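Since the structure comes first, as structure tokens, the remarks are kept for the end.
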Amino acid sequence: METVDLATTPLRDLNAALQAQTRETNRTAWEVLNPRGVHAIAVGLDAPIQVTVRGSTGYYCGGMNKQAEITVTGSAGPGVAENMMSGTVVIEGDASQYAGATGQGGLLVIKGNAASRCGISMKGIDIVVFGNIGPMSAFMAQAGRLVVLGDAGEALGDSLYEARLYVRGSVKSLGADCVEKEMRPEHLAELSDLLSRAGADARPEDFRRYGSARTLYNFKPDNAGAYG
């Protein structure tokens, strides 16, 4: 295992070393010590390596990830796994605002709670939150799945497109154009797979599914005169 101590090694050097790894690398396991809330740890990776960050991170940890498996043993600041393409990011603590924002693929697992706007504008990423999520989560979510084992805050799924939302607990309120939908066998099957991949001990039958009512897909000219 390669061990890098951020108390003595500049963050730029760590990221340069991680970003230099390729599919053929034999340096597959990395450990990062003393993150101390530093921003942009392990961003832009594109190799099948495992990176374990021992502690809590600042903004954008694991952003733009491809292929790598990144684990944070503490909590993560805003924008964790932002624009992730593939791979896995696991946060063993809590995540701050807009976790998984604009993510296009891969799996983000948050074993604690996630703050507001979790999954904002997600474009194919899968997000599994063991705890609760804050308000305006999955705002304008276009594709992917958001799974919440706890409760959801206000305006869940506001203005979402085709993302699928699964919530086991209560939902404080639904956003514009978000409605509860039937949980069919294919949804139970995909939810079961997501829970298994995330290591979550929960029954798919205990969840409810939410999605777009598709009423915002087309412009309605009723009040067009007000904008002339």
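The values are calculated or read from the model by the stated rules, or taken from the named source; none is laboratory data. Keep in mind that this is a model prediction, so the values were computed, not measured. Here the Cβ positions follow ideal geometry from the backbone for every residue, glycine too, while neighbour counts run over all protein chains shown.
Evaluation of Gly211 against the conditions (1) in contact with a strand residue (DSSP E or B) (Cβ under 6 Å, 6 or more places away or on another chain); (2) in a helix (DSSP H, G or I); (3) more than 20 Å from Val89 (Cα to Cα) shows that the sole unmet condition is (2). Does Gly131 count as assigned to a loop (DSSP other than H, G, I, E, B), over 14 Å from the mean Cα position of the chain (by Cα) and under 19 Å from Ala76 (Cβ atoms)? When the stated conditions are applied, Gly131 does not pass them. Considering region 1-24, and only residues there that are of a type in the set (Gly, Ala, Ser) and assigned to a helix (DSSP H, G or I), the residue that is surrounded by the fewest Cβ atoms within 10 Å (Cβ to Cβ) turns out to be Ala16.
Residue-wise test of (1) charged (D, E, K, R); (2) assigned to a loop (DSSP other than H, G, I, E, B).
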{"site": "Arg117", "(1), (2)": "yes, yes"}
{"site": "Met136", "(1), (2)": "no, yes"}
{"site": "Arg145", "(1), (2)": "yes, no"}
{"site": "Ser159", "(1), (2)": "no, yes"}
{"site": "Glu180", "(1), (2)": "yes, no"}
{"site": "Glu190", "(1), (2)": "yes, no"}
{"site": "Asp193", "(1), (2)": "yes, no"}
{"site": "Arg197", "(1), (2)": "yes, no"}
{"site": "Ala202", "(1), (2)": "no, yes"}
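Considering only residues in region 86-115 that are assigned to a loop (DSSP other than H, G, I, E, B) and among the hydrophobic types (A, V, I, L, M, F, W, C), the one that is farthest from the chain's Cα centre (by Cα) turns out to be Ala115. Output yes when any residue across region 50-57 is hydroxyl-bearing (Ser, Thr, Tyr), assigned to a loop (DSSP other than H, G, I, E, B) and either touching a residue at least 60 places away in the same chain (Cβ under 8 Å) or closer than 20 Å to Ala152 by Cα (or both), and no when none is. There is no residue in region 50-57 that is hydroxyl-bearing (Ser, Thr, Tyr), assigned to a loop (DSSP other than H, G, I, E, B) and either touching a residue at least 60 places away in the same chain (Cβ under 8 Å) or closer than 20 Å to Ala152 by Cα (or both).
Is region 141-150 home to any residue that is among the small types (Gly, Ala, Ser), without any contact (Cβ under 8 Å) to a residue 24 or more places away in the chain and farther than 19 Å from Pro78 by Cβ? Yes: region 141-150 contains one or more residues that are among the small types (Gly, Ala, Ser), without any contact (Cβ under 8 Å) to a residue 24 or more places away in the chain and farther than 19 Å from Pro78 by Cβ.
Filter region 189-228 down to the residues that are of a type in the set (S, T, N, Q) and more than 30 Å from Thr71 (Cβ to Cβ), then identify the one that is modelled with the lowest pLDDT.
Checking each candidate, the answer is Asn223.
Scanning region 29-49 for residues that are out of contact with any Phe, Trp or Tyr (no Cβ under 9 Å at 6 or more places or on another chain), closer than 13 Å to Ile70 by Cβ and in a loop (DSSP other than H, G, I, E, B) returns Pro35, Gly44, Leu45, Ala47, Pro48.
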